[in-house]
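What follows is a set of notes on a single structure, which appears directly below.
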Amino acid sequence: MTMRSTLAFIIGCIFLGVGAPVAAQPLTSFVNPFIGTDGTGHTFPGPAWPFGMVQPGPDNADRGWEYTSGYQYRAPRILGFSQTRASGTGIPELGDVLLQPGLEPREDMASTYDKTTESARPGYYAVELADNGVRVELTTGERVARHRYTFARPGRVWVLVDLQHGLNFMDRQPVLSSEARVTENGVEGVSRRRNWTTRTVAFVVEFDRPVAEARRLAPRAGDLADRYLLGFDVGDDRTLEARAALSTTDVAGARRNLESGQDHSFNQTAAEADAAWEAMLSRIRIEAPDSRKRVFYSALYRALIHPSLITDADGRWRGPDGEIRQADGPRYSTLSLWDTFRASHPLFTLVAPERVDDFVNSLLDHADAAGRLPMWTIWGGETGTMIGEPALPVIADAWAKGFRGFDPDRALDAMIRTQTEDHHLSEWSILERYGYLPFDRVEGEAVSRTLEAGIGDDALARFARALGREEIADRFAARRRTWRALIDPETRLPRGRDSEGRWRTPFDPLKPTSPLNNPGDYTEANAWQYLWTPALFDAEGLRDALGGPAAFAETLDTFFFGLPPTEGAAFLGQEAMIGQYAHGNEPSHHVAWLYALTDRPATGQALVRRIAESFYLDQPDGVIGNDDAGQMSAWYVFATLGLYPAVPSSGRYVLGAPLVEQAVIAAPGVGPVTIRCETTPVAVPSDIAHEDLIARRALALPCSAPAHEGAVTSSWHRPSQQSPRVQ
């Protein structure tokens with residue numbers, strides 16, 4: 001069955017009720033794309049295709065930490081509608097090829113809008129621009145964004161095509177070069193842009209009416225890219241439609257992408273996008289009140305927007321070295337790996353297993369082009385953002401779970417190169433010389449970088465051992481223990497040391513540090529929050545270092561219940577706090593689950609429930625902290641199921657307590673697996689292997705307990721201005 005006929009079949013099943021109860025409510029109806037668009041969630045309400053190439057949507061601004069996705073819920077004006085964006089990130093990027101319609105030609109086409117006219121659902125967005133006299137509707141296919149404008153009157157109308165616009169991080173000229181031309185019914189061209197990464201953006205925009213008039217606008221100060229006002233004559237239906245396709249390669253690639261969806265009308269594309277999302281969301285069905293379903297399916301939706309397709313319809317893509325390559329399958333970018341290796345990629349092995357091998361091959365192709373595995377990629381380019389080598393646990397986890405659609409020798413070679421060759425944030429020669437990273441020999445974050453080196457070492461050791469490469473496995477299994485050198489025996493906390501072995505003085509274990517706001521030994525966190533990083537790969541070792549099982553549990557209690565939350569919003573991630581647990585930042589995400597390793601798992605279960613119920617809400621400010629390309633959302637999905645990949649390279653899940661009565665996971669090659677919440681006592685192990693979960697087909701877990709008495713005193717800080725991280 002072809003993709004088109006498959007989609008038609010899905011649409012028929014949904015609208016005709018084939019194979020499902022007629023009264024079943026579509027799961028897409030529970031998705032609220034506005035969740036996370038107010039405050040620090042940094043999500044966007046525009047349409048997307050699951051893991052698709054384009055994400056058209058409204059832009060309120062073109063720069064500023066608050067506008068990393070281009071949109072803030074309470075912003076009063078819309079500049080226009082660009083075709084690409086990253087959801088929930090901490091740095092602005094993309095926002096390519098902005099279109100803005102209106103009745104009159106103005107150089108500034110920004111418009112106010114009435115919030116009551118704004119609506120969104122998976123694959124569709126609409127709003128009325130009050131100043132411009134036009135209703136805008138957006139939808140998208142896998143590679144083609146579609147716009148439909150309905151004007152207040154017939155006759156000559158205008159569309160601003162702004163090729164200079166982009167979501168700008170640096171206060172500098174983002175366009176390095178640009179070539180564009182107006183065609184009979186649109187505009188096409190290619191530009192080279194520099195912002196978070198340097199990238200090539202080729203584009204083709206076609207309207208369903210010929211261009212009646214074209215005006216090239218005078219450049220803004222420093223502009224290198226063109227801006228046009230295109231005039232169109234609309235009839236009594238007052239409508240104008242546009243299709244936009246982009247490419248990392250060239251205009252020919254963008255045109256082939258455009259042609260891949262040319263037979264589809266706007267309404268058909270919107271229906272197909274809805275059907276594609278319905279098919280993906282239905283891979284987890286939960287029994288819960290509608291209020292819980294709205295939060296859950298909105299989170300699952302956000303978790304499946306990225307990674308984003310980067311290959312053209314013919315398989316070409318431009319790598320981080322600037323060279324165009326031919327892939328033998330789909331390749332993906334927008335890989336926020338420091339965030340997503342923790343929960344997002346393990347979630348894909350359950351709900352999108354058919355894509356996991358392609359995700360890994362995307363990492364390996366990147367390594368071929370760049371000489372090392374990626375850290376944080378977007379539009380095919382490397383940003384070099386964050387620390388550690390987070391691609392390694394993604395590969396190791398996939399192999400541990402039985403995925404075999406990539407070359408293990410090629411993967412092992414890329415992992416070894418990445419984990420041994422010095423890099424500006426991976427100074428292995430210094431690590432091996434001293435047994436840790438001394439704070440006087442590296443440029444900051446020495447403690448965090450030492451601890452996170454163990455994540456990659458553990459992943460490499462596990463992967464090599466699975467391949468029978470024992471010598472390599474032993475080497476990196478031994479090196480992963482470098483974290484122990486930084487546990488201060490007096491405080492039992494990770495503390496900086498210099499090259500002479502002297503401890504950092506003075507030492508404030510509650511003071512967060514980050515590269516821009518307050519440089520120091522930790523990455524957007526403090527000593528207490530980084531204490532738990534070794535548990536991602538050596539939980540038993542950390543338990544022993546803290547004094548054994550009883551002391552481990554007592555230290556967890558102190559972390560959650562005995563320490564005050566950080567006051568103010570001076571540091572990234574110090575939001576949504578329970579004691580020193582900061583749910584707005586990823587180093588804390590696994591910590592509540594560590595109670596499963598103590599004799600009081602119910603305490604962790606109660607904390608997970610409270611985090612889920614307090615910090616995920618069905619409202620625009622319902623995601624507290626950057627969603628980080630879906631990691632925050634993936635955490636919530638796992639919490640709902642009652643399991644979590646606390647050791648991401650192991651192929652195992654820590655078991656907790658589901659937040660719903662029942663959940664059924666069913667995806668290609670997975671399940672159905674039914675997870676039930678049991679009110680009667682049920683004995684379960686502390687963790688379970690992925691293959692055992694799949695083989696069991698049914699898993700009974702205890703219903704989560706109420707929150708620990710007096711335990712949860714949450715602090716929610718929403719900054720009005722913060723600086724993003726820069727490497």
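Taken together, D440, D413 contain a single residue that is in the same structural domain as T558 (by TED's automatic domain parsing), at pLDDT 95 or above, assigned to a loop (DSSP other than H, G, I, E, B) and acidic (D, E), which is D440. Of all residue pairs spaced 6 or more apart or on separate chains, those with beta-carbon atoms under 7 Å, a first member in the stretch 620-637 that is on the phi < 0 side of the Ramachandran plot and in contact (Cβ under 8 Å) with a residue 40 or more places away in the chain and a second member that is in a loop (DSSP other than H, G, I, E, B) and among the aliphatic types (A, V, I, L, M) are P620/I35; G622/I35; V623/I35; I624/A576; Q631/A343; A634/A343; W635/A343. Among the residues of the stretch 87-119, the ones that are under 30 Å from T200 (Cα atoms) and either in a strand (DSSP E or B) or within 20 Å of the chain's Cα centre (by Cα) (or both) come to 16 in all.
Based on what the data block shows, is R331 in contact with a strand residue (DSSP E or B) (Cβ under 7 Å, 6 or more places away or on another chain), of a type in the set (D, E, K, R) and touching a residue at least 24 places away in the same chain (Cβ under 8 Å)? Yes.
When the stretch 653-663 is examined, which residues are found to be buried (at least 18 other Cβ atoms within 10 Å of the Cβ) and part of a strand (DSSP E or B)? Listed by number, the residues that qualify are Y653, V654, L655, A663.
When A299, A367, A343 are screened for being small (G, A, S) and more than 24 Å from E452 (Cα to Cα), only A299 passes. Against the condition in a loop (DSSP other than H, G, I, E, B) and touching an Asp or Glu at 6+ places or on another chain (Cβ under 6 Å), how does T523 come out, does it pass? So T523 passes the test. Within the stretch 49-90, the residues that satisfy the criterion of being in contact with a helix residue (DSSP H, G or I) (Cβ under 8 Å, 6 or more places away or on another chain), surrounded by 24 or more Cβ atoms within 10 Å (Cβ to Cβ) and among the aliphatic types (A, V, I, L, M) are M53, A86. Against the list (1) under 30 Å from L412 (Cα atoms); (2) in a loop (DSSP other than H, G, I, E, B), the condition P534 fails is (2). Candidates T674, T680: the one that is of a type in the set (S, T, Y), more than 29 Å from L309 (Cα to Cα), in contact with a strand residue (DSSP E or B) (Cβ under 8 Å, 6 or more places away or on another chain) and free of Cβ contacts under 8 Å to residues at least 40 places away in the same chain is T674.
Between L643, L699, the distinction of being of a type in the set (A, V, I, L, M) and within 22 Å of the chain's Cα centre (by Cα) belongs to L643 only.
If you filter the stretch 338-373 down to residues that are of a type outside the set (G, A, S) and not in a helix (DSSP H, G or I), you find that the one that is farthest from the chain's Cα centre (by Cα) is R372.
Of all residues in the stretch 667-691, those being of a type outside the set (S, T, N, Q) and buried (at least 16 other Cβ atoms within 10 Å of the Cβ) number 11. The set of residues from the stretch 395-410 being out of contact with any Gly (no Cβ under 7 Å at 6 or more places or on another chain), not in a helix (DSSP H, G or I) and not small (G, A, S) comprises F403, R404, F406, D407. Filtered by the rule that a residue be of a type outside the set (A, V, I, L, M, F, W, C), touching a Phe, Trp or Tyr at 6+ places or on another chain (Cβ under 7 Å) and surrounded by fewer than 24 Cβ atoms within 10 Å (Cβ to Cβ), the stretch 359-379 gives a lone residue, N361. Checking the structure you have, find out if any residue of the stretch 254-261 is at pLDDT below 95 and within 17 Å of Q55 (Cα to Cα). For the stretch 254-261, residues at pLDDT below 95 and within 17 Å of Q55 (Cα to Cα): present. Of the residues making up the stretch 599-625, those that are at pLDDT 95 or above, touching a helix residue (DSSP H, G or I) at 6+ places or on another chain (Cβ under 9 Å) and not in a helix (DSSP H, G or I) are Y616, L617, D618, G622, V623. Are any of the residues in the stretch 38-53 more than 26 Å from R255 (Cα to Cα), free of Cβ contacts under 8 Å to residues at least 60 places away in the same chain and not aliphatic (A, V, I, L, M)? Yes, there is a match, as at least one residue in the stretch 38-53 is more than 26 Å from R255 (Cα to Cα), free of Cβ contacts under 8 Å to residues at least 60 places away in the same chain and not aliphatic (A, V, I, L, M). Residues in the stretch 551-567 that are within 15 Å of A525 (Cβ to Cβ) and in contact (Cβ under 8 Å) with a residue 60 or more places away in the chain were compared, and the one that is surrounded by the most Cβ atoms within 10 Å (Cβ to Cβ) is T566. Condition check for T340 on (1) hydroxyl-bearing (S, T, Y); (2) in contact with a Ser or Thr (Cβ under 9 Å, 6 or more places away or on another chain); (3) buried (at least 24 other Cβ atoms within 10 Å of the Cβ): one failure, at (2). Filtered by the rule that a residue be farther than 21 Å from N257 by Cα and either acidic (D, E) or crowded, with 21+ Cβ neighbours inside 10 Å (or both), the stretch 198-226 gives E213, D223, A225, D226. All conditions but one from (1) surrounded by fewer than 24 Cβ atoms within 10 Å (Cβ to Cβ); (2) in contact with a helix residue (DSSP H, G or I) (Cβ under 8 Å, 6 or more places away or on another chain) apply to L300; the one that does not is (1).
Conditions tested, residue by residue: (1) surrounded by fewer than 22 Cβ atoms within 10 Å (Cβ to Cβ); (2) within 24 Å of H690 (Cα to Cα).
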| site | (1), (2) |
| --- | --- |
| P393 | no, yes |
| R404 | yes, yes |
| I416 | yes, no |
| S429 | yes, no |
| D440 | yes, no |
| V447 | no, no |
| A453 | no, no |
| E471 | yes, no |
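Looking only at residues in the stretch 543-576 that are within 29 Å of the chain's Cα centre (by Cα) and not in a loop (DSSP other than H, G, I, E, B), which one is farthest from T491 (Cα to Cα)? Per the criteria, the residue is F560.
Within the stretch 55-66, at least one residue is at pLDDT below 95 and part of a helix (DSSP H, G or I). Scan the stretch 531-547 and tell me whether some residue there is farther than 29 Å from L392 by Cβ and at pLDDT below 95. Taking every residue of the stretch 531-547 in turn, at least one turns out to be farther than 29 Å from L392 by Cβ and at pLDDT below 95. Residue pairs whose Cβ atoms lie under 6 Å apart, sitting 6 or more positions apart in sequence or on different chains, and linking a residue in the stretch 500-526 that is assigned by TED's automatic domain parsing to the domain that holds L437 to a partner that is among the β-branched types (V, I, T) and surrounded by 13 or more Cβ atoms within 10 Å (Cβ to Cβ), are G520/T513; D521/V447; Y522/V447; Y522/T513; T523/I387. Restricting attention to the stretch 509-531, which residues are surrounded by 24 or more Cβ atoms within 10 Å (Cβ to Cβ) and farther than 12 Å from Q574 by Cβ? Once the filter is applied, which keeps residues that are surrounded by 24 or more Cβ atoms within 10 Å (Cβ to Cβ) and farther than 12 Å from Q574 by Cβ, the stretch 509-531 yields D521, T523, A527, Y530, L531. Out of curiosity, is E142 farther than 25 Å from P76 by Cβ, surrounded by fewer than 24 Cβ atoms within 10 Å (Cβ to Cβ), assigned by TED's automatic domain parsing to the domain that holds T68 and in contact (Cβ under 8 Å) with a residue 40 or more places away in the chain? Answer is yes for this residue.
The values are calculated or read from the model by the stated rules, or taken from the named source; none is laboratory data. The model shown is predicted, which means the values in this text are computed figures rather than measured ones. Glycine also receives a Cβ, built like all others from the backbone with ideal geometry; neighbour counts cover every protein chain displayed.
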